[in-house]
Amino acid sequence: NRAMGEDEKVSFPPGDPRATAAPGEVVEFTLPLSPWQALAIRQRCEAKEAQACSLFGLNLAIDDTVKGKRVGKFFRKACELGDSGGCLMLSQMQLRGRVPGSQASAAKNCETACRMGNMDACYHFAILTFAGIGVKQNMHQGLGLLMNICEKGGHGQSCFQAARVVSGLKNEGVWQQSEEETSSTIEMLLTKSCENKFEEGCKQLEEFKKAV
């Protein structure tokens, strides 16, 4: 989950409010935006186009001279207007200290994005729950969330992380399944991770099969 930096390209599908090309054409912006692009995107944000607010916030965030409070203002507006990506970016930047806000506020914003159906946000909220960052720590619930997102959301990274957690709990001697059942669970999770196109899951699946 790296921050967006100089010369990072962002593509928008047809119909996305951040796109300004002819219908059917995919627009590709390079951050930082040019002054005229930034002005156009800000105007769209002021017209209450949620995703435009997120993009404008991203553009501000890569400039270290822009105060975090101003960056957060646009992500917060995007979130309030219903863009789950804005809620998630607000959460992540609060956790990194780029935008003012407590860990509890960051966790709440992440959960809001998850409730909007953003699977990446659900993954991050599961990790926060497992680690007890901004919310009361509950390792069982955190793992359950990961497995649920893996199974129902088709989120490859969640499958991979769930496999790692199961393996770690097994090594600590606190996993309740038998050795055979545990191996089957880990292989199943890594397989789902690979099937959902999470590259690291495919690599780990190959290594796991060689080891067993």
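Quick check on Glu199: is it of a type in the set (Asp, Glu) and either in contact with a strand residue (DSSP E or B) (Cβ under 9 Å, 6 or more places away or on another chain) or not assigned by TED's automatic domain parsing to the domain that holds Leu90 (or both)? Can you show your working first?
Numbers: of a type in the set (Asp, Glu): yes; either in contact with a strand residue (DSSP E or B) (Cβ under 9 Å, 6 or more places away or on another chain) or not assigned by TED's automatic domain parsing to the domain that holds Leu90 (or both): yes.
It is true that Glu199 is of a type in the set (Asp, Glu) and either in contact with a strand residue (DSSP E or B) (Cβ under 9 Å, 6 or more places away or on another chain) or not assigned by TED's automatic domain parsing to the domain that holds Leu90 (or both).
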May I ask you to list the residues in region 1-47 that are surrounded by fewer than 14 Cβ atoms within 10 Å (Cβ to Cβ), of a type outside the set (A, V, I, L, M, F, W, C), at pLDDT 50 or above and in a loop (DSSP other than H, G, I, E, B)?
-> Ser34
Residue within region 119-131 that is part of a helix (DSSP H, G or I), at pLDDT 95 or above and loosely packed, with under 15 Cβ neighbours inside 10 Å present | yes
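Restricting attention to region 101-110, does a residue exist that is crowded, with 21+ Cβ neighbours inside 10 Å and either under 16 Å from Gln51 (Cβ atoms) or assigned by TED's automatic domain parsing to the domain that holds Gly153 (or both)? Before you say what the answer is, go through the steps one by one.
We begin by selecting, within region 101-110, every residue crowded, with 21+ Cβ neighbours inside 10 Å; these are 101, 106-107, 109-110.
Of the ones still in play, those that are also either under 16 Å from Gln51 (Cβ atoms) or assigned by TED's automatic domain parsing to the domain that holds Gly153 (or both) are none.
Within region 101-110 (the criterion being crowded, with 21+ Cβ neighbours inside 10 Å and either under 16 Å from Gln51 (Cβ atoms) or assigned by TED's automatic domain parsing to the domain that holds Gly153 (or both)), the answer is no, since none of the residues qualifies.
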Among Glu195, Glu187, Glu151, Glu181, which is on the phi < 0 side of the Ramachandran plot, exposed (fewer than 14 other Cβ atoms within 10 Å of the Cβ) and either touching a residue at least 60 places away in the same chain (Cβ under 8 Å) or not hydroxyl-bearing (Ser, Thr, Tyr) (or both)?
-> Glu181
Members of region 85-107 that are under 17 Å from Arg44 (Cα atoms) and in contact with a Gly (Cβ under 9 Å, 6 or more places away or on another chain) | Gly86
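The values are calculated or read from the model by the stated rules, or taken from the named source; none is laboratory data. Computed from a prediction, not measured in an experiment: that's the story for all the values here. Note: ideal-geometry Cβ built from the backbone for every residue, glycine included; neighbour counts use all protein chains shown.
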